[in-house]
Structures are given as C-alpha cells and as structure tokens.
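Take a look at the structure set out below.
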Amino acid sequence: MTNMDIANPSEEHLMLREMVREWTQENVEPQAHEHDRDEKFNLELLRSMGELGLLGISAPEEYGGAGLDAVACTIVHEELSASDPGFALAYLAHSMLFVNNLAYNGTEEQKARILPKVCSGEWIGAMAMSEPDAGTDVLGLSTNAVQQDDGTWLLNGRKMWITNGCIDEEGTPADVVWVYAKTGEDERGRVQMSTFLVEAGMPGYSVGQKIYDKTGMRASNTAELVFDDCIVPEANLVGDVGQSLLHMMGNLELERLTLAAMALGIGRRALDEMNRYATDRVAFKSPIREFGQIQRYIGESWAKYRAMRAYIYDTANNLTIGTSGQRLDSDGVKLFATTAAKEIADAAMQVMGGDGYVGEYHVERLWRDAKLLEIGGGTLESHQKNITRDLFKDGEAINR
Ligand SMILES: Cc1cc2nc3c(=O)[nH]c(=O)nc-3n(C[C@H](O)[C@H](O)[C@H](O)COP(=O)(O)OP(=O)(O)OC[C@H]3O[C@@H](n4cnc5c(N)ncnc54)[C@H](O)[C@@H]3O)c2cc1C
C-alpha cells in the first residue's frame, strides 16, 4: 500500500496545491503586511484570480467555473490563508458565500446571467445574512421584502458585517449580493425567509459604512449595507419564496469547512515561523529550541496542527457540495481548528518574544486574524450548540 495523504488525495489536488502555493508566494505574500496595516482590500488581486479559474472553483464548468470538489476548496483556502488570511476571507466571501450559493441554488436564468461574471472576476459578490440586531439568531432578522403589484420586491433593512460589502475606499458596493430577507410567517407563526440577488445600481441599495478598526482581517473590507425601498426585480428572487433555510444550511457546511481551512493555513504558517526562529535565536549560548519550555510550545503546536489537518481533510473528503447533512463535522472542524490556530499563533508569538509582537514577523497578524474565525460564519458557542443537538438526534455517530 502506498502512503496516503488525505490533504492531497489525487494528483490533481496536489497540482492545484502547488500552483496556488506558488502563486500565493509570488502575488499574495508581498502585499499582505501592507494591506493589513493600511486596512486596504486588494480588489485587483482578487479579480486576477479569475484568470486562474479559482473564483468559481466549485461552480460548473459550463458557467465558467472549475467544477472542483470540497477538498480543492479546502486546499485553496489553506494556501491563501497561510500567507494572508484577510485576503483569503475576501476570496471566501466571493467564491463560497456568493458563487457557490448561486451555482447550487440559483435558477437557470440567474446562473447563466451572473455566474460567468463572478467566475471571471468582472463582478465581485458578497453574502448578507447578519444584521445589527441579529447574528447567531438568524431568524430574528428584520430586513424584509414585500412583493408589489407589478411583481417586483421592495426590500427594506440593514445588513451588518458584510465581507466585500464595499469593494473600495469610496464606498462602492459589491456588484451583487446574496441577501436573506423576511417575507412573512408560515401557518405556525415561524419566520419565512427568502433569498434575493441585489445588484449594484438597483435603486435603494447602498453602502452605509465601511467598518474600520477591526482587530484582524483588515485586508478584507467589511461593510454595513442599506436597503431603503430597494426595488428588486421578480427574476432576482432565488428559488421559491420561503426557501432560504435550505440555501443557508447547505452552503453553511462548505463555508464552515473553508473557514476551518483558513485556520489550518494560519496554524501551519505560525508553526513554521516559530520552528525556524527557535533554531536561529540564541539565548544563554544555546538555540532556544533546546529549552524545555520552548519545546512544549513547538511540540504541542505540531500535534494540534496535525490533528486539525487530519480532521479538516477527513471532513472535506466526505463533504459533497450542494448537499446538507454533514453539519456535525463542518461545525466540528470549525470549532476545533479556529481555536487551535489562535493557540498556535499565540505560541509562536511567545517563542519569538519581542519580534513576535511586531508586524514584520507575521505571527501577530495571524493571531489577530485567527480570532475572527471563532466568531464569523458561526460563533464557537453556536457550533457547540449544533453539535450537541446533532448528537442528541444521532448519538450513534460517536460509535460509527
Ligand atoms: C470581520 C467580519 C466579517 C463578517 N462577514 C460576514 C458576511 O460576509 N456575511 C454575514 O452575513 N455576516 C458576516 N459576519 C457576521 C458574523 O457571522 C457574526 O458576527 C456572527 O454570526 C455572530 O453574530 P453577532 O456578531 O450578531 O453576535 P451575537 O449573535 O449577538 O452573539 C453574541 C454572543 O452571544 C452568544 N450567543 C448568541 N446566541 C447564543 C445561544 N443561543 N447560546 C449560547 N450563546 C449564544 C454568541 O456565541 C456570542 O458569544 C462577519 C463578522 C465579522 C466580524
């Protein structure tokens, strides 16, 4: 039996990893520190990923996508994040939260019209679920949509924390946003949510503000979006009225897996930095890696990194994009890997002393970026809740 590497299960996956790693070294790494420091999103760099076929990585080839699987998505997010998690987050918001959602849930007309534009990078996409008063409590949303006599929908409300919500410093909105809105209640009084494609230029759609002074992920733009009597054509309703939960649940699994992949990239890079530093740095006439307390940081970080890598790629190999039902592990990997990444980055800062505390040595940026992964796309607490709920329904998952 040959050695098996679940992170590169085929020759194609390995080639993809090598290609993305090389491209990242050449194009992402040199700009990472500056864009974090200046809180600037590198729009042109994201657009250029269209030429590599990565913006529509999971979208069907007939619409300009690459038609690749969950392992491929995981590889790309890991590699980008090992260099620049903020840029990787902007990529995730575009390719996973918008493109993948549309590819798997949109109508034929919507896919034919919009997918080629977002796969090429001509258009930048975003996904708007969170609101100022509703995050974890998704059904507590207040953005609402009412259908008019002429068939169009009137959208009102505000969305908060939207990655790629604006794409520059002038407050230019994303070209297209996947928006969840309340469209009524069902016969049992439960909130009914529907999904709308809001495009730049539609009356009433604007950026409220770009959010500055974030702890991390500063190389991605985060914005508040305003929908003020925004008129959305009937053709921009995704699927049927009230279908949002289906869209959300399927897409969230891939979102959480790829957020965990970002954590893996952070963990890998931080470990690599601390390992090299521990050889080069001499104290008391010895490389610091000879001190038992330093060995504990490195040894424990290696074990955490390998555990997250194994769990993440095991989940990726078993996740079929476009289906739901794998939440136990998509929540599990995000719960474990995000905190592990933060801890590894923290260990790296400790091992690197004063150097670890400044931007030039990268790890303080990774540490700040890692924190967001414990909040965005679902908080740690929401994953704990989901896992416990799923194990109540299917306790046998433990013994399988
Ligand atoms: C940089 C950044 C980028 C983001 N990008 C996007 C994006 O592109 N699109 C988008 O829609 N959203 C985005 N978000 C929003 C993100 O998904 C939310 O911040 C997250 O879901 C948490 O929601 P909240 O901030 O409203 O916190 P809350 O939901 O108010 O949570 C506050 C605290 O209460 C806890 N809590 C809440 N309910 C429970 C419960 N039932 N049991 C136990 N504890 C609970 C939470 O775990 C948390 O600790 C982004 C956020 C940030 C910071």
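The values are calculated or read from the model by the stated rules, or taken from the named source; none is laboratory data. Since we're looking at a predicted model, the values are computed, not measured. Positions of Cβ are generated from backbone atoms using ideal geometry, with glycine treated the same way; all protein chains shown enter the neighbour counts. Keep in mind that these areas ignore ligands, DNA and RNA; they rest on the heavy atoms of the full protein, side chains included. Shrake-Rupley method; radii C 1.70, N 1.55, O 1.52, S 1.80 Å.
How far apart, in nm, are the 7 Å Cα→Cβ label points at residue 134 and residue 21?
A separation of 4.4 nm, rounded to one decimal place.
Rounded, prolate or oblate for region 173-218? Axes are the square roots of the Cα gyration tensor eigenvalues, ordered a ≥ b ≥ c, and the cut-off for rounded is a/c under 1.5. Don't skip to the end; give the middle numbers.
Details: a/c = 3.23, a/b = 1.66, b/c = 1.94.
Cα axes put region 173-218 in the oblate bin.
Would you work out what percent of the accessible area of region 209-276, with all protein chains in place, is carbon or sulfur (probe 1.4 Å)?
50
Return, ordered by residue number, the residues of region 364-398 whose backbone nitrogen is under 20 Å from a label point located 7 Å along Cα→Cβ of residue 314.
Inside the label zone: 383-398.
Given 0.36 nm per residue, what is the gain on full extension from residue 146 to residue 243 after removing their alpha carbon distance, in nm?
Values: separation 97, 0.36 × 97 = 34.92 nm, distance 1.54 nm.
Full extension from residue 146 to residue 243 adds 33.4 nm.
If packing is taken as the average count of other Cβ atoms within 10 Å, what order do 249-261, 172-184 fall into, highest mean first?
Numbers: 249-261: 25.8, 172-184: 22.8.
In descending order of packing, they fall as 249-261, 172-184.
Sequence gap at least 6, Cα distance under 8 Å: using those rules, report the relative contact order of region 283-400 to the nearest whole percent. Write out the running numbers ahead of the final one.
Details: 82 pairs, mean separation 29.8, N = 118.
The value is 25 percent.
Quote the FRET efficiency, to the nearest 0.05, computed for residue 228 versus residue 14 with a Förster distance R0 of 51 Å and r equal to the Cβ-Cβ distance.
Details: r = 49 Å, r/R0 = 0.97.
Calculated transfer efficiency: 0.55.
Estimate the FRET efficiency between residue 281 and residue 33 by the formula 1/(1 + (r/R0)^6), using the beta-carbon distance for r and 22 Å for R0, to the nearest 0.05.
My answer for the efficiency is 0.55.
HN-Hα J couplings of region 121-135 from phi, Karplus 6.51/-1.76/1.60, θ = phi - 60°, integer Hz, Gly and Pro as x?
x, 4, 10, 10, x, 8, 10, 10, 10, 5, 9, x, 10, 8, x
Kindly flag which residue pairs out of 334/385; 304/342; 334/371; 117/182; 214/371 have an alpha-carbon separation exceeding 21 Å in this structure.
On the way: 334/385 13 Å; 304/342 11 Å; 334/371 12 Å; 117/182 28 Å; 214/371 11 Å.
Correct reply: 117/182.
Just the accessible area per residue of the chain, please: how many Å² with a 1.4 Å probe?
Values: 17370 Å² over 400 residues.
Here the per-residue accessible area is 43 Å².
In whole percent, what relative contact order does the chain give with Cα contacts below 8 Å and a gap of six or more residues? Spell out each step's value before the answer.
Values: 779 pairs, mean separation 68.0, N = 400.
Across the chain, relative contact order equals 17 percent.
Multiply the residue gap between residue 388 and residue 186 by 0.36 nm, knock off their C-alpha separation, and tell me the result in nm, one decimal place.
Numbers: separation 202, 0.36 × 202 = 72.72 nm, distance 2.73 nm.
Here the answer is 70.0 nm.
Checking a compactness column here: for the chain, what do you get for Rg(Cα) / (2.2 N^0.38 Å), N being the number of residues?
Values: Rg = 21.3 Å, N = 400, 2.2 N^0.38 = 21.4 Å.
Against the empirical 2.2 N^0.38 Å value, I get 0.99 for the chain.
Compute and list, largest first, the equivalent-ellipsoid semi-axes of region 191-324 from the alpha carbon gyration tensor, each √(5λ) rounded to a whole angstrom.
Its equivalent ellipsoid spans semi-axes of 46, 22, 9 Å.
What aspartates and glutamates does residue 40 reach when the alpha-carbon gap must be under 15 Å and sequence neighbours fewer than 8 apart in one chain are set aside?
Of all the aspartates and glutamates, those that pass the test against residue 40 - Cα under 15 Å, at least 8 places apart if same chain - are 29, 84, 168, 169, 170, 213, 369.
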